[in-house]
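Trainee: Handing you a structure now.
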Amino acid sequence: MSQPDCLFCKLVAEGDHVRAADGFVAIRDIAPKAPTHVLVLPERHVDSFREIAEFPPDESKRMLEFVADTAREAGLEDYRVIVNVGPGAGQTVFHLHWHVLGGNGLGGFE
């Protein structure tokens, strides 16, 4: 269920994955905001977090586990997980994705 014009659907199919499992992939952000900045996205196209209800509970659980496992495999003990919902919140690619950020220099939000 990919969208032919969606950048992230293309990266799911052809990208350089940090890891992939259970219907999810992780890729490096092309404009990192932290020493480690990985994006986690479902293989199937979902526009944004607003549509999270489309995920059955077991798939939602697997996605959160995938996010946590991606951070652990990246060697992160402390990290931040962000999802932007809508253009007013900074979402620029309309394919659900989670930002996993870690490393030195994660100031703010304390």
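Quick note: the coordinates plus some simple rules give every number you see, no bench work behind them. Given the structure is predicted, the values throughout are model-derived calculations rather than measurements. Glycine also receives a Cβ, built like all others from the backbone with ideal geometry; neighbour counts cover every protein chain displayed.
Trainee: Stretched out fully, how many nm does the piece from residue 49 to residue 17 gain, at 0.36 nm a residue minus the Cα gap? Show your work: numbers first, answer last.
Mentor: Working: separation 32, 0.36 × 32 = 11.52 nm, distance 2.15 nm.
In short, 9.4 nm is gained.
Trainee: Please give, to one decimal in nm, the separation of the simple spin-label points placed at residue 10 and residue 72, each 7 Å out from Cα toward the Cβ.
Mentor: Result: 3.4 nm between the two label points.
Trainee: Could you check which residue among 28, 50, 19 shows the biggest mean-square fluctuation in a GNM of the chain with a 10 Å Cα cutoff?
Mentor: 50
Trainee: Would you please state the base-10 log of I(q)/I(0) at q = 0.12, 0.16, 0.20 1/Å for the chain, with intensities from the Debye formula using one equal scatterer on every alpha carbon?
Mentor: -0.39, -0.70, -1.11
Trainee: Take the Cα atoms of the range 45-110, find their three principal axes, and give me the spread along each one in whole Å, biggest first.
Mentor: 35, 29, 19
Trainee: Extending each Cα 7 Å along its Cβ direction at residue 2 and residue 60, get the distance between those two points in nm, one decimal.
Mentor: Each label point is offset 7 Å from its Cα along the Cβ direction, giving 2.7 nm.
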